[in-house]
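Read through the structure below, which is laid out as structure tokens, and then see the notes.
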């Protein structure tokens, strides 16, 4: 809750409902965005959608946006049916930054921020919050945590948030995603 209360607009937040493994439909045919946790709440003056991506040391997906697009185009050239290139283009129309700037970003981070904004619109929320909740245990590998930190920092940079924000347990933004104000933050929980 400390992370959420780091933004004054969320003071007095009361959570009303939520669900784990909540799916938000994305633009274009294909899989939706599977949020590890979806929450909806209200303050005295705002309605808030919160979507959480929980991580230990597994990556933010196996492919960057450039890799995912290239593989999808290759499948299409072989005659396979895929709407992945169109889905990527539709998602990239929602976000700030240059298209080339998004190429090295993990596809899961693109779907996470876009899915959060789309869910906020469905909820009628005035603020969207995307949270990465990272768990550290005796079984998580530092090299994989470092990889994820670097991927998250690249993501922050492309949406216009300083990479130094990647470890400070504070919400940053707002950044505008498809007309929706989104706050972004990360919290780390160490479990011994």
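As a test of the formula, what do you get for the chain when each DSSP H run with n ≥ 4 contributes -39,500 (n - 2.57) and the sum is divided by the residue count, at 222 nm and rounded to the nearest 500 deg cm²/dmol?
That comes out to -10000 deg cm²/dmol.
May I ask for the angle, rounded to the nearest 10°, between helix 65-77 and the longest principal axis of the chain, with both axes built from Cα atoms and the value confined to 0 to 90°?
30 degrees
In which sequence would 152, 68 go, from the one with the fewest C-beta neighbours within 10 Å to the one with the most?
Lowest count first: 68, 152.
For a test of the definition: using alpha carbon positions, the gyration tensor, and the 1.5 limit on a/c, classify the range 51-166 as rounded, prolate or oblate.
Judged from the Cα gyration tensor, the range 51-166 comes out oblate (a/c at least 1.5, b/c at or above a/b).
How do 106, 27 line up, fewest other C-beta atoms within 10 Å first?
In order of increasing Cβ crowding within 10 Å: 27, 106.
Could you give the length gained by full extension between residue 82 and residue 14, i.e. 0.36 nm per residue of separation minus their alpha carbon distance, to one decimal place?
20.4 nm
Please state the relative contact order of the chain as a whole percent: Cα pairs under 8 Å, 6+ residues apart?
25 percent
Which distance in Å, rounded to a whole number, links the C-alpha centroids of the range 64-89 and the range 14-42?
25 Å
Considering only DSSP beta bridges with both partners in the chain, what is the antiparallel share in %, to the nearest 5?
Antiparallel bridges: around 55 percent, rounded to the nearest 5.
Among 76, 154, which comes first, second and so on when ranked by fewest other beta-carbon atoms within 10 Å?
Going from sparsest to densest Cβ surroundings: 76, 154.
Values in this text are rule-based calculations from the coordinates and carry no lab data. Since this is a predicted model, take the numbers as computed values, not measurements. Glycine also receives a Cβ, built like all others from the backbone with ideal geometry; neighbour counts cover every protein chain displayed.
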